[in-house]
Amino acid sequence: MQLLPLPVRRLAAWCAVALLVAGVVYVAIRLCAEFRTAVVPVLLALLGTALLGPFHRRLVKAGVNRAVAAGLTCVAVVCVVGGAVYIVVAALIDSGEQIVASLRRAAQGIAEHFGAAGTSLDDLASNARELLGRFGGTAASGVISGVSVVGEVIAMAVLALLLVFFFLRDSHRATGTLRSLSPSGAADSVEAMARRAYQAVEGFMRGTTFIALIDALCITVGLLVLDVPGAVGLGALVFVGAYIPYLGALVSGAVAVLVALADRGFVIALWALGVVLAVQVLEGHVLQPMIQSRTVQMHPAVVMVTITAGASVAGVLGMLLAVPLTAAGFGVVHELRDRYAASAPSDS
């Protein structure tokens, strides 16, 4: 190695470090994918704890027992989420046929103007029926696997709720447990990094939920004024999509504009597009800087790459978890940078 120039040796050292880190990350991702039924509830519970932590702390400060406060918080979550799901499902049931019919008309109009020669929706429908008849056994097995997936999702949701209860109840012991598991002499650094990561996730969850609520309310009111069918269901879609930055807003806004185009015409679709764009401008230039100014800020390119990586690893769930986990990682990096920057003058 001494025969090599110093820059080449430094490059080789950095390459070795990069390969080692990439290998560790790959093995960690593979292990998480293998044990996803245990890992996913833990991650969801951490996100839920970060979102519900302030409410639980207020109950504890009011003199409520920690276990009772955690139980009340979980009951409140079940009531709020259950009520929201009921409202969304009821809205989709009432307006679902209108939305589907509007999307079908929009697809038919697009096919008439831009479709290939000799191709019609009737041809596509006949081909689809032929494929369904040919692969009926595969479809049946898919239904069976779908039922098992639903059962797995319900089990993970129940486990995540139970973990939220325990995480909230025993949150005051987290610091002591973390310090006891840390290597000697590194307890302060590990605690500081954990606090910074948790604060980043907490700020992201609270800010995103508040921004999603404002986006959904504004777009719902705008669609109701424009008399677009299924406005409440489309607003609910906007609320859920807001947890996937940029991409979720793009998809939910496109669906709203297509429904307006098919049911209300080109002029109303332009107005709906204007409402969606106005809400997105309000979010990007006012709400995001004002609400999430104290959390870790990430460049949009980093967010898009993170969402793409999460989708490739775990689909829609990976897209939902990718950004808050990346925010936690950025929090750790910022804490390390601040610590090294503070210790550099004293070392010199």
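Per-residue surface analysis assigns His172 an accessible area of about 100 Å², computed on protein heavy atoms at 1.4 Å probe radius.
Calculate the FRET efficiency for Glu152 and Val225 from the Cβ-Cβ distance with a Förster distance of 30 Å, rounded to the nearest 0.05. The value I calculate is 0.10. When the residues Tyr246, Tyr86, Tyr198 are ordered by accessible surface, computed with a 1.4 Å probe over the protein chains alone, the sequence from largest down reads Tyr86, Tyr246, Tyr198. Taking 0.36 nm per residue of sequence separation and removing the Cα-Cα distance, the Tyr340/Tyr246 pair yields an extension gain of 30.5 nm. Taking every alpha-carbon pair in region 1-59 and binning the separations at 10 Å intervals from zero gives 19, 23, 20, 18, 14, 6, 1 percent.
Neighbours of Leu47 by Cβ distance under 15 Å: Lys/Arg scored +1, Asp/Glu scored -1, total 0.
Residue ranking by accessible heavy-atom surface, 1.4 Å probe, largest first, among Val24, Val228 comes out as Val24, Val228.
Charged neighbours of Ala328, selected by a Cβ distance under 14 Å, balance to 0 (K, R count +1; D, E count -1). Surface exposure of region 161-300, expressed per residue as accessible area with a 1.4 Å probe, stands at 53 Å².
Distance between the 7 Å Cα→Cβ label points at Phe266 and Cys15: 5.9 nm. Peptides 36-48, 58-70 ordered by packing proxy, namely the average of other Cβ atoms within 10 Å per residue, highest first: 36-48, 58-70.
Per-residue SASA remark: Arg339, around 90 Å² accessible (1.4 Å probe; ligands, DNA and RNA not included).
Run the accessible area of region 215-281 with a 1.4 Å probe and give the carbon-and-sulfur part as a rounded percent.
On region 215-281, the fraction of accessible area on carbon and sulfur atoms equals 82 percent.
The values are calculated or read from the model by the stated rules, or taken from the named source; none is laboratory data. Note that this is a predicted model, so its numbers are computed, not measured. Note that each Cβ is placed from the backbone with ideal geometry, even for glycine, and that neighbours are counted across all protein chains shown. For the accessible areas, the whole protein counts, side chains as well, though only heavy atoms, and no ligand, DNA or RNA atoms are used. Shrake-Rupley method; radii C 1.70, N 1.55, O 1.52, S 1.80 Å.
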